[in-house]
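Let me begin by presenting the structure, written as structure tokens, before commenting on it.
What follows draws every value from the coordinates through simple rules; no lab data is involved. Model, not experiment: these values are computed from the prediction. Heads up, the Cβs are rebuilt from the backbone with ideal geometry, glycines too, and the neighbour counts pull from every protein chain shown.
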Amino acid sequence: MKVVVIGAGQAGLSVAYYLRRFELVADEDFVMLDRAPGPGGAWQHRWSSLRLGTAHRVNDLPGMAELGLSFDTADRTLPAKQVVAEYYGRFEEHFDLRVRRPMNVRSVVNEGVDLRVDSEDLTPQPMEELKAKGFFGRRRKTFEEPAVPPAPRHAITTQFLVNATGTWGSPFVPYYPGMADFAGRHVHTSDYADVEDFRDRHVVVVGGGTSAIGFMLELEDVAAGLTWVSRRPIDWLDRQEMDLEGASAAVALQDEAARSGRALPSIVSGTGVPKSRRIAAGIERGLLVARPMFDRIEADRVLWDGGEGGMARADAIIWATGFRPELRHLSPLKLREKSGGVTVGQGAAWSDPRVFLAGYGPQASTIGANRAGRMIARQIMAML
Ligand code: FAD
């Protein structure tokens with residue numbers, strides 16, 4: 001192979017579009033792998049009540065206009081997960097991107113001149129085949145023998161790797177004393193499925209970004225008790241919409257960290273939170289007023305100053321505390337610096353010119369991912 005792209009979200013599709021559309025690589029020299037069952041990148045996993053327009057703006061993929069599609073005019077009554085999955089699916093088909101899925105990349109290894117991408121095929125194995133292989137109705141001979149057969153493995157060697165694996169698979173939850181003693185549910189944004197799971201429950205929402213605010217608004221009439229806490233004061237903006245393009249200070253902070261190999265800062269700490277009409281009304285009626293972070297968790301409550309600063313009952317704690325880049329499978333390449341991040345400039349990994357990180361740091365928005373596509377495809381073209 002000449003190019004392997006891992007991940008078919010906005011970033012991976014954008015790179016693939018530029019590589020394939022302008023015939024920089026032939027069919028047989030290019031492959032995209034994604035571990036999810038269908039199109040949509042991380043969007044396919046998001047909760048059903050999330051609509052386009054309640055998060056930030058979702059930018060169209062390059063070339064999407066050719067299909068007569070735009071997220072700006074998409075149906076906002078439908079779940080965002082459904083719309084994005086459908087549009088990405090049509091995009092893949094139209095540009096013949098042939099994503100291989102569900103293929104989970106386990107590791108990328110340096111093989112001298114080339115890189116080796118090791119993946120496993122997560123397609124459920126048919127019952128009949130498993131029976132034929134004798135996986136049912138027999139005793140395991142040894143303790144080490146797996147109860148279910150391992151997924152079939154594949155290895156691909158490639159000249160260049162574009163890693164576009166996003167962050168959804170790497171949720172971040174900060175540590176607080178007493179976490180393990182909590183008798184209720186810890187729920188991260190990535191596990192949030194349905195507001196009904198919290199009906200008549202006491203819920204504490206942690207986080208200062210759009211997801212936390214969205215959860216507060218959804219839970220208002222459902223939860224028995226609702227508390228919002230944020231690790232830093234909310235930086236409310238006077239405008240109504242997040243202008244990701246204009247959030248240049250936040251993007252610059254991300255870029256600075258990526259270029260110097262530091263761990264990436266939280267995006268929301270640099271952008272602030274716009275006050276849409278819905279949010280402004282929530283602040284007005286006292287719902288969206290965040291308390292400072294609690295400092296201890298007990299079985300059924302969270303406490304401030306060990307209880308002296310008050311407490312709030314909790315059956316569930318929703319951690320809307322963000323994500324980290326999903327790069328575990330790249331660890332054999334030793335790209336990570338001692339300072340905690342990977343040094344990346346213009347989408348290219350500084351320590352290995354064969355490796356590109358699309359959607360990383362300053363590119364971690366749909367508009368940034370589009371830019372990454374063009375930037376990375378150009379660099380690959382120059383080196384091929
Ligand atoms: P993803 O969409 O996460 O795609 C990564 C793909 O890689 C996935 O399909 C995954 O299956 C695959 N993958 C991961 N690891 C592996 C592996 N080891 N092997 C094989 N495949 C793998 N941005 C905006 O611009 N506007 C918004 O409104 C907006 N709303 C958001 C709302 C939420 C709740 C969150 C969490 C983020 C939001 N963002 C938004 C950020 C946005 O998701 C990203 O900018 C963009 O969609 C990410 O695209 P991506 O291609 O980098 O990653």
Legend entry - Estimated [θ] at 222 nm from DSSP helical runs (n ≥ 4, -39500 (n - 2.57)) normalised by residues in the chain, nearest 500: -6500 deg cm²/dmol
Inset, instruction - Kindly provide the pair-distance distribution of the range 293-384 built from C-alpha pairs, with 10 Å bins from 0 and whole-percent values in order of increasing distance. - result: 14, 31, 19, 17, 15, 5, 0
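Which residues make up the longest stretch of the chain that has no GluC sites (Glu not before Pro) in a DSSP loop with at most 14 other Cβ atoms within 10 Å?
Answer - 24-143.
Rounded to the nearest 0.05, what FRET efficiency do I283 and R328 have when you use their Cβ-Cβ distance and R0 = 22 Å? Let's see the in-between values first.
Details: r = 39 Å, r/R0 = 1.77.
My answer for the efficiency is 0.05.
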Inset, instruction - Return one number: the angle in degrees, 0 to 90 and rounded to the nearest 10, between the long axis of the Cα atoms of helix 248-259 and the longest principal axis of the Cα atoms of the chain. - result: 50
Legend entry - the chain: angle of helix 80-94 to the longest principal axis, Cα-based, in degrees nearest 10: 10
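Just to be sure I understand: if I project the alpha-carbon convex hull of the range 175-228 onto a plane and average over all orientations, what area do I get in nm²?
3.9
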Inset, instruction - Stick to Cα atoms and the Kirkwood definition of Rh, then tell me Rg/Rh for the chain. - result: 0.99
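Roughly what % of DSSP beta bridges within the chain run antiparallel, to the nearest 5?
Working: 26 of 56 bridges.
Looking only at bridges with both residues in the chain, the antiparallel portion is about 45 percent.
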Inset, instruction - Quick one: among F198, F91, F356, which has the greatest mean-square fluctuation in a GNM of the chain with alpha-carbon springs under 10 angstrom? - result: F198
Inset, instruction - Pick out, in residue order, every one of the trypsin sites (Lys or Arg not before Pro) in the range 294-373 that is DSSP loop and has at most 11 other C-beta atoms within 10 Å; say none if there are none. - result: K334, K338
Inset, instruction - Kindly express, to the nearest 10 degrees and within the range 0 to 90, the angle between helix 366-383's C-alpha long axis and the longest C-alpha principal axis of the chain. - result: 20
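Can you run the Rg to Rh ratio on the range 322-364? Use alpha carbon positions and the Kirkwood inverse-distance Rh. Let's see the in-between values first.
Working: Rg = 9.9 Å, Rh = 10.8 Å.
Result: Rg/Rh = 0.92.
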Inset, instruction - Rounded to the nearest Å, what's the spacing between the alpha carbon centres of the range 273-314 and the range 28-42? Just the number, please. - result: 40
Legend entry - Extension gain, D295 back to S70 (0.36 nm per residue minus Cα-Cα distance, nm): 76.5 nm
